[in-house]
1. Shape of the range 184-291 from its Cα gyration tensor (a ≥ b ≥ c, root eigenvalues): rounded if a/c is under 1.5, otherwise prolate when a/b > b/c, or oblate?
2. For the range 146-277, what is the accessible area per residue in Å² when the probe is 1.4 Å?
3. Got a sec? Charge dipole of the range 24-109, +1 on Cβ for Lys and Arg, -1 for Asp and Glu; which of A81, V30, W61 is way out at the positive end?
4. Between M1 and A116, 0.36 nm times their residue separation minus their Cα-Cα distance comes to what?
5. Share of antiparallel DSSP beta bridges in the range 157-276, in percent to the nearest 5?
6. Please compute the Kirkwood hydrodynamic radius over the chain, one decimal place, Å, based on all pairs of different Cα atoms.
7. Run the helix sum for the chain: -39,500 (n - 2.57) per DSSP H stretch of 4+ residues, divided by residue count, reported at 222 nm to the nearest 500 deg cm²/dmol.
8. Mind checking which lysines have their Cα closer than 28 Å to the Cα of K230? Skip sequence neighbours fewer than 8 apart in that chain.
Amino acid sequence: MTRVVITGAGGMLGCQLVATAPVDVEVVAVDIAEGDLSTPEGVAAAVETHRPDIVVHTAAWTDVDGCERDPARAWRVNALATRLVAGACRRLGARLVYISTDYVFDGGLGRPYAEADAPCPVNVYGETKLAGELAAASVDDHLIMRTQWLFGPGRSNFVEAVLRKALRGEPLIVVADQWGCPTYTVHLAPMVWRGALAGWRGVLHAAGRGIATWHDVAAAALEAAEVACKLMPCSLDEWPSSARRPRYAPLALNRWQELSGSVGPTWRQGVGEYAKMMAGVLEQQLGRSPVR
Ligand SMILES: NC(=O)c1ccc[n+]([C@@H]2O[C@H](COP(=O)([O-])OP(=O)(O)OC[C@H]3O[C@@H](n4cnc5c(N)ncnc54)[C@H](OP(=O)(O)O)[C@@H]3O)[C@@H](O)[C@H]2O)c1
């Protein structure tokens, strides 16, 4: 049986990977409690001791503005930890699947990014994730899967925040001039499993199909959940944040389609499914009827 260590198993993507593991895979789910991956001891305890065939490394510090304010922590968690995990994979002869991000790009290309396009991050999070990619590439058998704009169960996320505010009857102001591929973790997890087990190598983009702005995502979530709310557009330049963000960085999914022979679900399907489910959960949590 193939033994797979999943790092960041308590995170938004990690918990979906654990929940959707194929039956013929033995999963070892590890998070910070099992070992801080930015230390050699943590990697020995959380990864090496299990002697995995494959490591799916999702653990990261994903707070983009937080990374800008505390670059030392970002470099430790996103770059150093990946270097140490890659070292463990080299010693074990294990395959490394590293989850990366569209934030390695600057968003200035004017078309969706292919795997071969040159990275050029515009913030600390992107720089540290790119350093993680370079570390992952030091493992002979590696796959770097870049994804984008995640939402799904288990952690706070944009779609949940939109619905929570709307159900409280609060108006929403949402960025309408930043474009990407919103990705439902429930749809992404099987793509990651496919990539991990198929043995594909190099860089591979995997995300929701289609291109959207955050404003499009909010509108689709409200429509699917049938929640009424005042939704106003704003510009990325008006949005208060510490980190610069790529304005147009959708991920081109051609390689995924060639390798897998299939097109994945659209971002709109993902937002629809998740928003319908979350609206019910939040209505119960807030103990009130929705504003419809
Ligand atoms: N979220 C997105 O929109 C997005 C978009 C593109 C790519 N990605 C990439 O996709 C991957 C998964 O993202 P996600 O949103 O699922 O992440 P997440 O929910 O923030 O989960 C990351 C997990 O890593 C753990 N972790 C942090 N520092 C650690 C350390 N030093 N040692 C061990 N574990 C540590 C976290 O534990 P604590 O919670 O206790 O800190 C958390 O459980 C990441 O690599 C991210 O860069 C995410």
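The values are calculated or read from the model by the stated rules, or taken from the named source; none is laboratory data. Note that this is a predicted model, so its numbers are computed, not measured. Here the Cβ is made from the backbone with ideal geometry for all residues, glycine too, and neighbour counts use every protein chain on show. Accessible surface is based on the protein model in full, side chains and every heavy atom, while ligands, DNA and RNA are left aside. Shrake-Rupley method; radii C 1.70, N 1.55, O 1.52, S 1.80 Å.
1. Note, shape of the range 184-291 comes out oblate.
2. Accessible surface, normalised per residue, equals 42 Å².
3. A81
4. 38.0 nm
5. 25 percent
6. So the Kirkwood estimate lands at 19.4 Å.
7. About -11500 deg cm²/dmol.
8. K165, K276
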